[in-house]
1. Got a number for residues in region 215-251 being in contact with a Ser or Thr (Cβ under 8 Å, 6 or more places away or on another chain), free of Cβ contacts under 8 Å to residues at least 60 places away in the same chain and surrounded by 14 or more Cβ atoms within 10 Å (Cβ to Cβ)?
2. Conditions: (1) open to solvent by 20 Å² or more (accessible area, probe 1.4 Å); (2) of a type outside the set (Phe, Trp, Tyr); (3) part of a helix (DSSP H, G or I); (4) at pLDDT below 85. ALA53 meets all but one. Number of the miss?
3. Select from region 58-72 the residues that are hydrophobic (A, V, I, L, M, F, W, C) and either under 18 Å from HIS118 (Cβ atoms) or touching a helix residue (DSSP H, G or I) at 6+ places or on another chain (Cβ under 8 Å) (or both) and write down the one among them that is surrounded by the fewest Cβ atoms within 10 Å (Cβ to Cβ).
4. Out of all the residues in region 62-89, which are farther than 18 Å from ALA122 by Cα, of a type outside the set (D, E, K, R) and in a helix (DSSP H, G or I)?
5. Could you figure out which of (1) of a type outside the set (Phe, Trp, Tyr); (2) within 21 Å of ASP24 (Cα to Cα); (3) part of a helix (DSSP H, G or I) isn't true of GLY92?
6. Checking ILE198 against (1) in contact (Cβ under 8 Å) with a residue 12 or more places away in the chain; (2) assigned to a helix (DSSP H, G or I); (3) more than 25 Å from the chain's Cα centre (by Cα), which test does it fail?
7. What pairs can you find where one residue is in region 123-152 and outside any loop (DSSP other than H, G, I, E, B), the other is at pLDDT 75 or above and loosely packed, with under 11 Cβ neighbours inside 10 Å, and their Cβ atoms are less than 9 Å apart, with a gap of 6+ or different chains?
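The values are calculated or read from the model by the stated rules, or taken from the named source; none is laboratory data. Small disclaimer: the values here were computed from a predicted structure and weren't measured. Counting neighbours? That spans all protein chains shown, and the Cβs are built from the backbone with ideal geometry, glycine included. Accessible surface is based on the protein model in full, side chains and every heavy atom, while ligands, DNA and RNA are left aside. Shrake-Rupley method; radii C 1.70, N 1.55, O 1.52, S 1.80 Å.
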Amino acid sequence: MATMTIARDTFVAFVDTLAEVLDDHETNGWASGDELAMRLHFSRFHFDRMIKAVAGEPPAAFRRRILLERAAYRMITTRAPLLDVAVEAGYGSHEAFTRAFKQAYGETPATWRKKPGHLQIAAPSGVHFHPPGSIRLPARDEVTPMELLTKMVEHHIWLTGEMVRLAERLSDDQLDEAIELNVDEDRQSIRSLLSRLIGQMGMWNAAMATRDYDWSVEEHESLSSMRERLAVEGPTYLSHVRDVADAGRIGDTFVDALCEPAEVFTYGGMIAHVLTFAAHRRTLVVLAFAKHGIEGLGWGDPMRWVAEPA
C-alpha cells in the first residue's frame, strides 16, 4: 500500500514538473526522461516503471500525447501554420508531426483542422492537456448532478449578495434608472432586479412552507432591507435544495397554494425555473453595473464556481 502511495505521489509530481518544462524539447533538457527522473530522485528504470504503473503509459508517451493534445488545441484556436504547431509540439518535421497526429486522431492535421473533433486522446490515467496551457489531473471525487445543481444555487446566492454589496456604490438615481428593453413591458431597474432576485427565493420559500408571500416588500426596497432578507431567504432556499438533492427527491412534487388556482410543481422544475430567470436578471444587473463603471463581477458566469473545489 505504501509503495502504491509513493507511486501516485511521484506521478502527481511528474505531472506538475512536466507542466513546467513542457516546451523544453532539448535532448538533455529538463523534459527528457533522464532529467525528469533525476529531478524526482529516481533512476530512469524505476521512474519509467513507476509512471507506467500509475498512468498506463511510459513518461515519454505520456508527454507526446499531452503535446499532441495541445497541438490540436492550437490548431483550432490560432491561425498558426501547421509547421509552427509541429515545431512547438517537439517535432523536427511536418512529416513526423503528420504521422504522429494521424495515428492519434485518425486524420492528418490539415484535414482535422478543417473539421475538428474531440481534443482529448484516450488515456488510462484520465490526465489531459487543459486549455489554455496546463495539465489537469482527473477529479478525485465524482461530482453528481445533484451536487452540481446545489453548487449552481450556492453561486446564485453568493452572486446576488455581491451585487447588493456593489450596488451600495451607486446613487439612488442610478439604482432606479430604467433599464430599457424594447421586448419587455415591465419597467426594470437595478433596485427592482436585485429585490426580485431575493424575492424569487423568498416567494418559493413561502410556497414550500404553505404561507403567504408579502409582495409589498419589493416596492422600492432599500439595500439594507435586501441584505437582511437575503441573509434569511438565501440560506433557507439553499437548505431546501440540499435536502431534496441529498434525499434524491428532485422529481418529488409539492403544492404551491399561492397560485390561483393552486398548482403542483416538482422541486427540480422549481429550481430550474429560479436559476433560469435569475440568470436573466443577473445579466441585466451586471450590464447596468458596467454602465456605471462597476465591472468586478464580469458576466457573473458560474462556470469557474462549479468547476473549482469548495
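1. The total comes to 3.
2. That leaves (4) as the condition not met.
3. ALA60
4. MET75, ILE76, THR77, LEU82, LEU83, VAL85, ALA86, VAL87
5. (3)
6. (3)
7. MET146/GLY248
Listed here are the residues, each with its yes/no results for (1) in contact with a Ser or Thr (Cβ under 7 Å, 6 or more places away or on another chain); (2) buried (at least 19 other Cβ atoms within 10 Å of the Cβ).
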residue	(1), (2)
THR144	no, no
THR150	no, yes
THR160	no, yes
GLU168	no, no
SER171	no, no
ALA178	yes, no
ASP186	no, no
